[in-house]
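Step one of this worksheet: look at the structure below.
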Amino acid sequence: MPDVIFACDGHNYRGREREYRGANGQEYYEGDYEILPEPHINIRIDKGLSCTSSILNLRSISNLRFRRGWHHIRRDKTDVCVLWFVKHGSIVHTSSAGKVTMRTGECMITRSSQPFVMDCLVDDRSIHEVLHVIGPTHLFRSFIPDDVPAGTVLSAAEGDCHLAKEAFWLLYNDGASVSRKAAEQFVNTAASAVGTSLLEAANQPLPVSITDKRYEDILTVIQGQLSNPDLSVTSAARACGISPRYLTYILSSQGTCFSDLLWLSRLERAQAWLVDSTMKQVPIAKISYLAGFKSPAHFCRMFKAAKGVTPGEFRAFAGQPASGEMAVAL
């Protein structure tokens with residue numbers, strides 16, 4: 001039987017909205033969860049499968065709103081894909097790419113690494129119900145490449161996507177009686193079926209190279225764990241489900257190595273933050289730690305070696321017209 005993650009009625013619901021991630025705060029990802037005022041409020045989230053991926057069902061008689069912004073993304077560094085299957089009601093997904101609406105019987109993909117606002121709306125019977133299939137992006141990328149835009153909607157009424165939806169519902173209801181290995185195989189097969197449909201809907205070619213897929217997995221792990229100063233070949237390989245030797249081989253085939261890729265990624269992240277107007281009050285020392293450097297001094301040495309200027313000089317000149325040496329650095 002599914003386990004209750006969150007249940008709330010009209011009594012003190014305003015003080016309980018932050019509990020939507022479960023008792024230990026481990027479900028979903030960070031965001032601003034809002035239960036919109038209604039005459040009657042009753043919300044329940046149940047979890048029916050817990051392995052590498054998880055399957056949860058949300059049922060509500062109230063309209064809901066969820067916002068995930070850059071400050072949430074930077075804070076929790078969660079990188080997952082979510083497949084949404086609407087049983088009752090509708091969902092309006094708003095992002096920088098625009099606004100899309102998913103209705104009963106449809107499926108959509110979202111990614112936690114991108115800001116969005118989601119309005120979960122009840123139907124004419126005042127019911128909203130949606131199944132969430134949540135999996136690590138580096139695993140789902142094998143089935144659904146990043147070329148498929150978040151917010152892509154397709155029908156789950158027939159074909160591959162319909163069969164996938166039915167499989168996910170079976171796993172949700174009977175996941176406790178299925179072995180972990182079998183459950184993960186079922187999830188991967190069903191997610192692959194959804195991925196095929198999404199690729200067709202987005203008019204994107206299917207991925208063809210396993211090496212390229214693994215390389216994308218490695219990049220995702222590095223981007224997701226840049227703030228971890230202890231990130232290594234061994235830990236990155238473990239997160240990708242491959243051996244350190246195979247990881248090294250993949251990077252070598254791409255003309256790079258782990259240390260070069262890691263430091264370049266950290267420097268690019270730090271550089272972006274140095275010119276980000278929303279982070280102009282953040283001290284350079286803090287940016288160095290957020291980017292995964294073990295000390296500000298180390299960060300300054302690496303940055304100057306790569307850019308020819310110190311982080312402070314780079315930040316000071318970032319908003320000015322480029323000229324001379326500074327133009328090259330910027």
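The values are calculated or read from the model by the stated rules, or taken from the named source; none is laboratory data. Computed from a prediction, not measured in an experiment: that's the story for all the values here. Note that we place each Cβ from the backbone using ideal geometry, even for glycine, and neighbour counts take in every protein chain shown.
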Item to complete: Can you give me the number of residues within segment 286-304 that are surrounded by fewer than 15 Cβ atoms within 10 Å (Cβ to Cβ), within 27 Å of the chain's Cα centre (by Cα) and outside any helix (DSSP H, G or I)?
Response: 1
Worksheet entry | Members of segment 1-53 that are in a loop (DSSP other than H, G, I, E, B), surrounded by 13 or more Cβ atoms within 10 Å (Cβ to Cβ) and polar (S, T, N, Q) | 52, 53
Item to complete: Go through (1) under 30 Å from residue 72 (Cβ atoms); (2) under 24 Å from the mean Cα position of the chain (by Cα) one by one and return the number of the condition residue 251 breaks.
Response: (1)
Worksheet, complete the sentence: The one condition residue 109 fails out of (1) more than 17 Å from residue 155 (Cβ to Cβ); (2) in contact (Cβ under 8 Å) with a residue 24 or more places away in the chain is (1)
Worksheet entry | Residues of segment 54-81 satisfying the condition of being assigned to a loop (DSSP other than H, G, I, E, B) and buried (at least 16 other Cβ atoms within 10 Å of the Cβ) | 61, 62, 63, 77, 78, 79
Discussion item. Could you tell me how many of the residues in segment 276-285 are outside any helix (DSSP H, G or I) and within 22 Å of the chain's Cα centre (by Cα)?
Written reply: 1
Fill in: Residues satisfying the stated conditions in segment 76-95, i.e. at pLDDT 90 or above and under 14 Å from the mean Cα position of the chain (by Cα)
80, 81, 82, 83, 84
Item to complete: Tell me which residues, restricted to segment 120-157, are surrounded by fewer than 20 Cβ atoms within 10 Å (Cβ to Cβ), part of a loop (DSSP other than H, G, I, E, B) and among the polar types (S, T, N, Q).
Response: 126, 142
Worksheet item: What are the pairs, 6+ residues apart or on separate chains, where a residue within segment 32-58 that is in the same structural domain as residue 129 (by TED's automatic domain parsing) has its Cβ under 6 Å from a residue that is of a type in the set (S, T, N, Q) and part of a strand (DSSP E or B)?
Response: 43/60; 46/57
